[in-house]
Structure formats: C-alpha cells, structure tokens
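To start, the structure itself, in structure tokens.
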Amino acid sequence: MVEWWKPALVGVMFLLVFHGGPLFADEKDGRLDIYFIDVEGGAATLLITPAGESLLIDSGYPDNNFRDRDRIIKVLREETGRKQLDHAFVTHWHLDHYGNHAALASQIKIHNFWDRGIPETLAEDAKFGERIAHYRAASQGKSKKLSPGDTLPLKTTEKATDPQLTARIITASGEVIPNVGEPNLFASEFKPQADDPSDNAQSVSFLFKLGPFSFLDCGDLTWNTEAKLMTPNNPIGKVEVFMATHHGLNVSNNPVLVLAIDPRVVVFCNGPEKGGDLETLKTVRRGKSLQAIFQLHRNTRLKPEEQTGAEFIANTETTVDCKGRHIKLSVAPGGKEYTLQIAGQEKLHTFKTRE
Ligand SMILES: [Zn+2]
C-alpha cells in the first residue's frame, strides 16, 4: 500500500522547521514595525519598513557601561534579526539623542547617517567639539543634511499596487514646512513661552505615512517652534500614532499641535524621573479621538491615577533595577490596523486606523 501521508508529513515538518520561529521583517512581510526602545528618558526609535529597511531615529545616552547601545543592538538582533542598520538619524545634538551613534557604528555597519547639519559649536555643551568628533569619525564625515520638505529615499515593496511608506521631514533647524492646509481650530490657544535658544528648538521632525496610517516623531521640538509649524493652518492633518515630543515634557507638546493632530494613540518615551509630565498628559487627554496612552516608564513623581493605566506602562522599576522593556507598534500591510505590545507581555492592544 502506498503510504500517501508520508509526503504530507514531511511537508508539515518542513513548514514547522522553517516557519516555526518569528517572522523577521527582512522577509518583507509588508508590515511597518516601530520599536520604542527604553533608554531611560532619552530616545531611540527603531523602524523596520514594509520593504524591509531598518531606520534608527536617535540612539539614547552614552556611558552607563553602554547600557543604551546594548539595548538597541539587542532589539535589532533579537527582535528584527538584523545585523546592520540601513539608516541612522539624529533629531538634534543632545546626548540623550546622539549618545550612541559612534558606539553603535563600532559594533554594526551603519550605511547612512542623517542629521540637521552639524553646527560649529553648541552653546549648551562645552564638550561638543570632542563629542562631535566621534560622530564625524563614525559617519566618515558623510552624514546627510535634512531640511523641511525633504522626503526620505525609502525602498518600496515589490507590488506596485501596495500602499507605500512615505517619510517627510516637517521641521529642521528651526524651520518648518509651509503653513498650508485647513485652518487649525486650536490656533487661538497659543500662548508663547520664552524663546528656546537650545538645540531642542532645532529638532528634525518626521511624519511617516502608510495608507491611512500615520506616525509623528518631533524629537525634542519645543513650544514656539511647534506653534510656528501649526498656526494658523494645520499643514499635517490628523495623526494616528504620536510619540509625545521631548519625552512628554511640558515645554513641548503645545496644545496647538497635540489637539490639532488629534492622535488615537500616544506613546511617551519618558524615564522614571524625566518627562511624562502631568500638564502634557492633561493636554493629550483632551484629544477627541484618544484611545490609549502608553508610557515607557512609570513616572515616579505622579500618582497612579494621574498617569496611564498599569497595563500600558512598560517599566515600573527605577533606572537601577530597570529591565529596559520596549514597546512594539506593528502596522498591518496597507496601514488599516495596528497593534501595540509591551515586551514580555502577552497582551496585544489592537486598533483600527481611522478612515
Ligand atoms: Zn531629549
């Protein structure tokens, strides 16, 4: 008798062996994955595009025995199966944002460096000359300058009918894209703050879009530049997922921006004692379409009821004992739905993108 089931069994075993593990993004699964890596109140956001490219925006703090560099490499290798980075970006020249670009480049290949341009000096950092020398060496002096209106040259997926990921630079070096679009209904809420002479105000801001889905990361952009971008008109429309600006500090997250973009999900890249400010949380909660707030850390200075619910907080420990859990956002091909998940937790928070 012919043992008809044998080839079928071999087939099943083949599938189990070769597709039993996680499906890495470099297999081009068409998803957009965004990892908010915990760097204790700095920023390090890793994106794997639907076409399989890897983009790192900012790289956390230096020192601390390479804590942040190693957390980035761990996510890159173990979660995404990557050995190199296609693009590394610096939003602005503060150490919690470009602290590990050079250290990363000593461990993994980085193909392209991008920033807002390198200033001669930086008033707030007496050691800038020494620090930037490491960055220049790592990027071999070939980092590319980003300006408002630029679009990133991202690879497209093979199927021409697929919605493609786009990334547009909307602020850089204190400049913004033209203020066109619908009138911003919240423009009258603008109350100027003292001008910010620091590099925060010079931050590069990124607007990613995949079909109806959008994601906004403005680095540490501060109050008056946010208003310059968003008044009197709203040139960027609504945003689905917003990374609270500047770790959620209240010198950023001007209501004229936050309320106009009306995000459905907001992610705070805060530390235990940095960012995640009450005033910012209050502004975010005024949003008409808000469905969930995630925090990388419990804010040790606020009461539990003032911050987001325990199931939306990735790390509750202080920095000394912190496990450095990241938050993963995964957008379905085409951008019509997405999930958020805290590393090490089963719970998958599922959202449908607004039309
Ligand atoms: Zn910062």
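What the table shows:
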item: Boolean, Lys328 is touching a residue at least 24 places away in the same chain (Cβ under 8 Å), touching a Pro at 6+ places or on another chain (Cβ under 7 Å), of a type in the set (D, E, K, R) and surrounded by 15 or more Cβ atoms within 10 Å (Cβ to Cβ); result: no
item: Ile132 within 16 Å of the ligand (Cβ to nearest atom), in a helix (DSSP H, G or I) and without any contact (Cβ under 8 Å) to a residue 60 or more places away in the chain; result: no
item: Qualifying residue in segment 92-101 (condition: of a type in the set (D, E, K, R), surrounded by fewer than 19 Cβ atoms within 10 Å (Cβ to Cβ) and at pLDDT 95 or above); result: no
item: Scope segment 135-171; condition at positive phi and touching a residue at least 12 places away in the same chain (Cβ under 8 Å); matching residues; result: Gly149
item: Considering residues of segment 217-236 that are of a type in the set (D, E, K, R) and buried (at least 24 other Cβ atoms within 10 Å of the Cβ) only, the residue farthest from the ligand (Cβ to nearest atom); result: Glu226
item: Any hit, segment 203-212, residues being of a type in the set (Gly, Ala, Ser), within 16 Å of the ligand (Cβ to nearest atom) and either part of a strand (DSSP E or B) or out of contact with any helix residue (DSSP H, G or I) (no Cβ under 6 Å at 6 or more places or on another chain) (or both); result: yes
item: Every residue from segment 77-129 that is hydroxyl-bearing (Ser, Thr, Tyr), in contact with a helix residue (DSSP H, G or I) (Cβ under 7 Å, 6 or more places away or on another chain), closer than 28 Å to Ala343 by Cα and more than 16 Å from the ligand (Cβ to nearest atom); result: Thr80
item: Subset of segment 285-309 [free of Cβ contacts under 8 Å to residues at least 12 places away in the same chain and either over 21 Å from Val258 (Cα atoms) or surrounded by 13 or more Cβ atoms within 10 Å (Cβ to Cβ) (or both)]; result: Lys303, Pro304, Glu305
item: Tabulated pairs, segment 174-199, first on the phi > 0 side of the Ramachandran plot, second surrounded by 14 or more Cβ atoms within 10 Å (Cβ to Cβ) and at pLDDT 95 or above, C-beta under 8 angstrom, 6+ apart or interchain; result: Gly174/Ala201; Gly174/Gln202; Gly174/Thr225; Gly181/Asn233; Gly181/Asn234; Gly181/Pro235; Gly181/Ile236
item: Enumeration of residues in segment 38-76 that are over 16 Å from Ala103 (Cα atoms), more than 16 Å from the ligand (Cβ to nearest atom) and not hydrophobic (A, V, I, L, M, F, W, C); result: Thr49, Pro50, Gly52, Glu53, Ser54
item: Cβ pairs under 8 Å, 6+ apart, first in segment 49-60 and under 15 Å from Ser205 (Cα atoms) and touching a residue at least 24 places away in the same chain (Cβ under 8 Å), second of a type in the set (Phe, Trp, Tyr) and within 16 Å of the ligand (Cβ to nearest atom); result: Leu55/Phe89; Leu56/Phe89; Ile57/Phe89; Ile57/Phe206; Asp58/Phe89; Asp58/Tyr98
item: Output for segment 158-190, where each listed residue is at pLDDT 95 or above, in contact with a helix residue (DSSP H, G or I) (Cβ under 9 Å, 6 or more places away or on another chain) and assigned to a loop (DSSP other than H, G, I, E, B); result: Ser173, Gly174, Ile177, Asn179, Asn184, Leu185, Phe186
item: Residues within segment 246-268 that are farther than 23 Å from Glu337 by Cβ and under 15 Å from the mean Cα position of the chain (by Cα), tallied; result: 3
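To keep it simple, each residue is scored yes or no on (1) of a type in the set (A, V, I, L, M); (2) at pLDDT 95 or above.
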residue	(1), (2)
Arg285	no, yes
Ile293	yes, yes
Ala310	yes, yes
Thr318	no, no
Cys322	no, no
Leu329	yes, yes
Lys336	no, yes
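The values are calculated or read from the model by the stated rules, or taken from the named source; none is laboratory data. Remember, it's a predicted structure, so these values are computed and weren't measured experimentally. Note that each Cβ is placed from the backbone with ideal geometry, even for glycine, and that neighbours are counted across all protein chains shown.
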